[in-house]
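A short worksheet on the structure shown next.
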Amino acid sequence: MSLRKLSGETLVYGLSSILGRLLNFALVTPFITRVLTDGEVGQVGNLMFWTALLIALLVFRMDTAVFRFASRGDYAPALVFRRAQRLVWGLVGGLIVPLLLLSPYIAELLDAPAAATYVQLVLLTVAFDALSAVPLARLRLQQRAWYFVAVNLINVAVNIVLIYLLLYALPAYFPERFVPGFRVGYYLVAIAAAAGLRYMILLGDGVQQPAVPLYEHGELRAPSFSRLLRYSLPLTVVSVAGIANGLVGPSVLLAYDEAAAGYFTAALRMAVFLNLFVTAYQYAAEPFFFRQSSKDLATADRRIYADAMRAYGLVGTLACAGILLALPWLQFFIGPDVRPGLVVLPILLAANFLFGIYSNLSIAYKLTDQTFLGGGIALVGSIFAVGGPLLFTHRYGIYAPALGMLLCFLVMCVLAYRVSQRYFPVDYPFARLLGYAALAAGAVWLGELSAALWYRTALILALLLTLALLERHWLLRTFQGGGAAGATKS
């Protein structure tokens, strides 16, 4: 299977992510910030954090477990999907139902005693999103990228339409039925309904899948629940640690300086341009990497993993340079009062780029079932992501969380590489990645000489041409010659 396939799927998943974010950014964010008060926007942000945390806990990284156990041929994929989904159902039933019953007490703990209904709507959203994770993983493993995109864009479209209907059309045309004090509730109703519809679509698609017998020749054709849990528990630690790490920096800054917290948040929003690419790459790369691994890992062709890293490095460094060179125009996506935070954007872009490298390296412990090492790596990285803001924010301001995030991913990359070399050695082209980064940094440095559009456009085109010329033979062999078979070292 060629890198051409990986690049194509990355573009498709990128289309899904970019369109979803752009629609939300252009149509929902300006509307919501005008309809809801600052306090209500804060309530939404707080509830969305808990939503992400609960989803990470309930999904229990069954998506990655599906890729692992359904891609090697030792288990029937359909039965892996079914068993993983049953496990998620058990987690949803065991956690969401009691939390629904306790929603009044939870609302009090969140300093919103009148918002029990909000908590219930969030829990429903969490349940539907968690139950959608395994079906979405099945689409990715089956290489049904366009169906994946369609389902998620339907979710975004329904969400947007319902928000406008409930918060604009309802008070405008049926004011007697509109409850002004329930504006946050209407917003949450829209999110929960869209998530529910997406799950119904995925459920209908799953029903159409062919039935597979549980046993064949007396042998079980699905992994046990205990094996799924042993594999996925450390990965869940990684997910939860990532969410917590992302919260620490803004929270600590908020305690010291509210304006600095706004600056840092704005810089994070600008870094999302690279994050969209990294997310799209992860969507495509994880199932792709598992499909490359044979039942006997010792005989697996390792070149495809090195080539994927090389391709990621080319595109990632080019994207980082492009964002920084286009910053005189991209900065208008955020308000002028928070643009001082863009001084840490290069650090955040470097951190996100390293996170993509870590995603490549982490495949070693996922393929070899050493996921407990992944949990340990995440916890070690958290020391820097949490310690940086806590210990140095008072002295270095917004640089502390930014550098903490950078050091976190750098350390995680080093540790993941050590694991890779021990359990699944791959000859990764790190020297080339450093060369790409040096060229990109040089282009950005030259860009500081002038903010003229023609000058900076010429620089990014020159960087693109330089990288293309340097790697022209490898690019031709890899993307025209059919992938690993045609990608010899150069």
- Boolean, Ala145 is open to solvent by less than 30 Å² (accessible area, probe 1.4 Å), among the small types (Gly, Ala, Ser) and more than 24 Å from Ile96 (Cα to Cα): yes
- Note on the structure: Checking Leu268, Leu330, Leu324 in turn, the sole residue that is within 20 Å of the chain's Cα centre (by Cα), of a type outside the set (Phe, Trp, Tyr), modelled with pLDDT of 80 or more and assigned to a helix (DSSP H, G or I) turns out to be Leu268
- Query: Can you tell which of Arg472, Arg395 is within 30 Å of Leu342 (Cβ to Cβ) and either of a type in the set (D, E, K, R) or touching a His at 6+ places or on another chain (Cβ under 8 Å) (or both)?
  - Reply: Arg395
- Over segment 301-332, the set of residues farther than 17 Å from Ala350 by Cβ and without any contact (Cβ under 8 Å) to a residue 60 or more places away in the chain is Phe332
- Message: Quick check on Gly8: is it among the small types (Gly, Ala, Ser), in a helix (DSSP H, G or I) and modelled with pLDDT under 70?
- Response: no
- Any idea how many residues of segment 230-264 are open to solvent by less than 50 Å² (accessible area, probe 1.4 Å), within 29 Å of Thr317 (Cβ to Cβ) and touching a Pro at 6+ places or on another chain (Cβ under 8 Å)? 5
- Item | Every pair of residues 6+ apart whose Cβ atoms lie under 6 Å, when the first sits in segment 334-348 and is touching a residue at least 12 places away in the same chain (Cβ under 8 Å) and of a type in the set (S, T, N, Q) while the second is assigned to a helix (DSSP H, G or I) and open to solvent by less than 30 Å² (accessible area, probe 1.4 Å) | none
- Give segment 158-173 a look and list any residue that's of a type in the set (A, V, I, L, M, F, W, C) and open to solvent by 50 Å² or more (accessible area, probe 1.4 Å), or say none. Val161, Leu165, Ala172
- Message: Can you find, within segment 295-321, the residue that is nearest to Ser71 (Cα to Cα) among those that are open to solvent by 20 Å² or more (accessible area, probe 1.4 Å) and among the small types (Gly, Ala, Ser)?
- Response: Ala298
- Where in segment 377-490 are the helices (runs of 4 or more DSSP H), entirely inside, with at least 2 residues that are open to solvent by 20 Å² or more (accessible area, probe 1.4 Å) and among the basic types (Lys, Arg)? 399-423, 472-480
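The values are calculated or read from the model by the stated rules, or taken from the named source; none is laboratory data. All values derive from a computational prediction rather than experimental measurement. Quick reminder, even Gly has a Cβ in these numbers, built from the backbone with ideal geometry, and neighbours come from all protein chains shown. Side chains included, ligands, DNA and RNA excluded: accessible areas come from the protein's heavy atoms. Shrake-Rupley method; radii C 1.70, N 1.55, O 1.52, S 1.80 Å.
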